[in-house]
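Okay, so here's the structure we're looking at.
Rule-based calculations on the coordinates, nothing more; no lab input. Bear in mind the structure is a predicted one, so any value in this text is a computation, not a measurement. Here the Cβ is made from the backbone with ideal geometry for all residues, glycine too, and neighbour counts use every protein chain on show.
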Amino acid sequence: MKVKMFDLKIKDKLLRRDLIKSLNRLFDHGQFFMGPEVLDFEKKIAKFLNVKYALGVSSGSSALYLALKACGIKQGDEVITTPLSWIITSNAIIECGATPVFVDVADDLNINPDLIEKSITKKTKAIVPMHYAGHMCDMNKILAIAKKYKLKIIEDAAQSFGASLNKIKSGNFSSAASFSMNPMKTLSGYGENGIVVTNNKKIFNKLKTLRHAGTTSDPKKKITNFCNDTSLNHKMDTINASLLLISFKKFKHKIEKKNIIAEYYNKNLSPKIIKQDDYMHKGEKNGRYVYPIIINKRDKLRRYLEKKGIETKIFHLPLINKSPFYLKNYKSSKMRNAERLIKKIIILPLNEKLLKGQIKYITDNINYFVENDKL
């Protein structure tokens, strides 16, 4: 049996029909940049996330970079973040001229809030928590720290669209938050896409300017170089927005299916296996980007599953602070827990197209490995 990590083929005939219809509407009106679909998508996302403002951009990377810039992160600032994430989390900080300060993770794979205060200096201006795999960081503790030291929070919510803590959705715990909507994410587009959200009008206006090369929109198109700030082109094009609108209609059904798969793993995987779900907060809904487990002999398990036709992934290796650029240019502190966990994390398939037989096949093979190989 073959089991893919992600299955991005469009096999559903009704979905394919809807996507083609959406493109035909775009072809008819011809507004390929900043067309009505972009505004429609932004409004729907803002309503769903219960935020005042949402701005479509070209990628999740652009979303985080613009969120940091709009919140005033600049040369000489320090920004506290996690070493266990995709490289963009800290690259975006550096592109603002600031310095990322890494704080170790807790056993749930998210930044450890109990260690944050030790890393705060006079230069610290913000905290960037990343909700790993859709599991929410302990935002109550992080908010209390930010308030105490008058720091901004910018959420890297790339992996947590739809996640919530005590009915407050990811993206609402910060001055601004960034989401990725590339084809692998739970709210998936058909190319690189992202969105920035905020409840602050001043930040929103700054984001609008930064999104389009630092310029102010001119409806009459007489002035195109009225530049208030230096930036690049980070706009979401109308093609992506029109396709994302179709994905958004399917989102509720998709997350329900992913939750069913995750619950099956939770109930049926060996109790010897540590699951990120073991650390779920009370009142939390997981964004269900992927399903990580923590296991000894991770690499041996991966080779075993590969022979069985089961695709898995290892994310975020090496740790950001251990990647060549960071080792060369920044002082590397010991991230003992992250260094321990990065050797044990394996990502299991969680795509909504998995069949019951495939989910059982994955689980049975992992359990067989656990019971027949000394861990």
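Overview of results
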quantity	calculated
Cross-link table 123/344; 43/313; 47/267; 141/257; 21/44, entries beyond 23 Å C-alpha to C-alpha	123/344; 43/313; 47/267; 141/257
Among 212, 286, 60 - extreme Cα towards positive end, dipole of the chain, charges at beta-carbon	286
Global size of the range 251-372 as Cα Rg and Dmax, reported in angstrom	16.1, 49
Charged-residue dipole, Cβ positions (Lys, Arg, Asp, Glu), the range 49-155 about Cα centre, Debye nearest 20	620 debye
Most mobile of 180, 90, 323 in a GNM of the chain (Cα contacts under 10 Å)	323
Approximate spin-label separation residue 333-residue 149, in nm, with each point projected 7 Å along Cα-to-Cβ	0.9 nm
Rounded to 5, percent antiparallel among DSSP beta bridges of the chain	60 percent
Whole-Å distance, taken between Cα centres, linking the range 33-60 and the range 95-144	27 Å
Spin-label model distance (nm) - residue 268 vs residue 340, 7 Å beyond Cα toward Cβ	3.1 nm
Nearest-20 debye value, the chain charge dipole, Cβ charges on Lys, Arg, Asp, Glu	280 debye
Extreme residue, positive dipole direction of the chain, given options 153, 129, 309 (C-beta unit charges)	309
Lys, Arg +1 and Asp, Glu -1 on Cβ, resulting dipole of the range 147-258 about Cα centre, debye, nearest 20	460 debye
Theoretical ellipticity at 222 nm over the chain - DSSP helices of four or more residues, -39500 (n - 2.57) apiece, nearest 500	-12000 deg cm²/dmol
Where only alpha carbons of the chain are counted, the Rg and the Dmax (Å)	21.1, 72
Segment residue 313-residue 249, extension gain: residue separation times 0.36 nm, minus the distance between their alpha carbons	20.2 nm
Loop sites in the range 122-229: chymotrypsin sites (Phe, Trp or Tyr not before Pro), DSSP, at most 11 other Cβ within 10 Å	226
Nearest-0.05 FRET efficiency for residue 50 and residue 6, computed from C-beta distance (R0 45 Å)	0.95
Neighbour-limited loop hits for trypsin sites (Lys or Arg not before Pro), the range 254-308 (at most 12 other Cβ within 10 Å; DSSP other than H, G, I, E, B)	272, 282
Overall form of the range 62-133 per C-alpha gyration tensor (a/c, 1.5; a/b vs b/c)	oblate
Alpha-carbon centroids, the range 64-85 and the range 272-348: separation in whole Å	23 Å
Estimated inter-spin distance, residue 256 and residue 201, nm [label 7 Å along Cα→Cβ]	3.9 nm
Stretchable slack from residue 367 to residue 43, in nm (0.36 nm times residue separation minus alpha-carbon distance)	112.1 nm
Sequence-separation-based contact order of the chain, relative, with Cα cut under 8 Å and 6+ spacing, percent	23 percent
